[in-house]
1. What FRET efficiency, computed as 1/(1 + (r/R0)^6) with R0 = 25 Å and r the Cβ-Cβ distance, is obtained for Gln20 and Val63, rounded to the nearest 0.05?
2. Give me Leu14, Leu59 sorted ascending by neighbouring Cβ count inside 10 Å, so fewest comes first.
3. Ranked by Cβ crowding within 10 angstrom, fewest neighbours first, how are Ile40, Ile15 ordered?
Amino acid sequence: MTTHGHSCFGYLYLITEKSQAFEMFTNFQTEVERQLEKKIKIVRNSATDGLAEKRNRTLKDMVLSKISKTDLPTFLERGDQNNKL
């Protein structure tokens, strides 16, 4: 989840491996810079930010809600330790 700092508008990029994170960030950077016609000057880690944690929890709850209405394996619903979302 990447958030534009001033608008708090979020972009969600689904990845299967952490190694894809940089590529997804560059996609985000390109899109935002193109839309705003400005360059990103500062990137900060908001891992300790309560807003980021709340947004991540909300996204997880939304995904689990959608999964519960499908025929997907139940380990996805439970949040199995070996298969976390």
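Laboratory data are not the source of any read-out in this text; all were calculated from the coordinates shown. Everything numeric here is computed off the predicted structure, so don't read it as measured data. Cβ sites come from the backbone with ideal geometry, for glycine too, and all protein chains shown count toward neighbours.
1. Step by step, r from the Cβ atoms, then E = 0.90.
2. Leu14, Leu59
3. Ile15, Ile40
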